[in-house]
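The structure appears right after this line, and notes come after that.
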Amino acid sequence: MGTEIFTINNVVKRYGDKEILNIKSLNIKEGKIYTVLGPNGSGKSTLLRILNLLDRPSAGEISFLGQLLSFEKGLMLEQQRQMVLVTQRTVMFSTTVLANVMYGLKWRKLGRAQAREKAMEALRWVGMEEIAQRHACTLSGGEAQRVALARAIVLRPRVIMLDEPTVSMDPHSVALIEELIRRVNRDLGLTIIIVTHNLFQARRLSDESIFLYEGHLIEQGITEKMFTGAADSRTRQFVAGEIVY
């Protein structure tokens, strides 16, 4: 069955009087690739931010590996260190590629030599070791996203969340990133949660898909089944391109 990495119960997020998210129940199991689908404004990125402890839900409970997610400083840091969120517009620090990948290890009190070794290993893993000394601000979008993945995996989290990881990339870069995501999941055993508008990408990559509509969880299930025989009419309309994003 697999270990449940996230369990969501009655989670609501409001900004003022506006309800952005209202999820009664959602379970995410360890070791799988998930895609979160839905039109613009359906709450996809809000869900990622809440799971990553960057945003506090207005109501409800979320468990991470059987322990309630907490906004108490000590426990929050411990939980956040087991997850990484990679945003669609990757921000690179104004320094070398290698220093960018070492940055997170610095805050974990790792010695410089050990941090450098681990960072180089991560760069080799994503095929970027040859440009370790290049200034990160000169990278293309695809290169920057590969470095962002190296920056994530070097921390050895339990889960990586990706918000539109290949937006505006050329097909070759998309294929490279998708293959890296598969390898991260397969070879490192990490849980991957991807927000994407790319239905073809969702179908190619994910084991399960989660469909949100107007802040509500409409359907969750095996991706191929959702694309070929979704239970809810709104899901069927969305995967057929009949609901405009």
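What to note about this one:
- Taken over the stretch 125-140, the residue count meeting the criterion of being closer than 17 Å to Y103 by Cα and either among the small types (G, A, S) or surrounded by fewer than 18 Cβ atoms within 10 Å (Cβ to Cβ) (or both) is 7.
- M83 passes every criterion in (1) in contact (Cβ under 8 Å) with a residue 40 or more places away in the chain; (2) over 18 Å from the mean Cα position of the chain (by Cα) apart from (2).
- In the stretch 1-28, the residues that are free of Cβ contacts under 8 Å to residues at least 12 places away in the same chain and in a strand (DSSP E or B): Y15, K18
- Checking S173, S168 one by one, the residue that is out of contact with any Pro (no Cβ under 9 Å at 6 or more places or on another chain) and part of a loop (DSSP other than H, G, I, E, B) is S168 and no other.
- Residue check for S58: more than 18 Å from the chain's Cα centre (by Cα), farther than 20 Å from E219 by Cα and at pLDDT 95 or above: yes
- Taken as a whole, the structure places E78 among residues that are without any contact (Cβ under 8 Å) to a residue 12 or more places away in the chain, surrounded by fewer than 14 Cβ atoms within 10 Å (Cβ to Cβ) and under 23 Å from G189 (Cβ atoms).
- Count of residues meeting criterion [in contact with a Gly (Cβ under 7 Å, 6 or more places away or on another chain) and under 12 Å from V195 (Cβ atoms)] in the stretch 22-75: 3
- Of all residues in the stretch 141-155, those satisfying the criterion of being among the aliphatic types (A, V, I, L, M) and either crowded, with 21+ Cβ neighbours inside 10 Å or closer than 19 Å to E179 by Cα (or both) are A144, V147, A148, L149, A150, A152, I153, V154.
- The residues listed here are S70, S63; of these, the one that is within 27 Å of S209 (Cα to Cα), of a type in the set (G, A, S), at pLDDT 90 or above and surrounded by fewer than 18 Cβ atoms within 10 Å (Cβ to Cβ) is S63.
- Filtered by the rule that a residue be buried (at least 22 other Cβ atoms within 10 Å of the Cβ), outside any helix (DSSP H, G or I) and touching a Pro at 6+ places or on another chain (Cβ under 9 Å), the stretch 196-245 gives T196, L212.
- Residues satisfying the stated conditions in the stretch 21-52, i.e. more than 13 Å from the chain's Cα centre (by Cα) and either buried (at least 19 other Cβ atoms within 10 Å of the Cβ) or within 13 Å of L217 (Cβ to Cβ) (or both): L21, N22, I23, K24, S25, L26, N27, G38, S42, G43
The values are calculated or read from the model by the stated rules, or taken from the named source; none is laboratory data. All figures in this text were calculated on a predicted structure; none of them were measured in a lab. Counting neighbours? That spans all protein chains shown, and the Cβs are built from the backbone with ideal geometry, glycine included.
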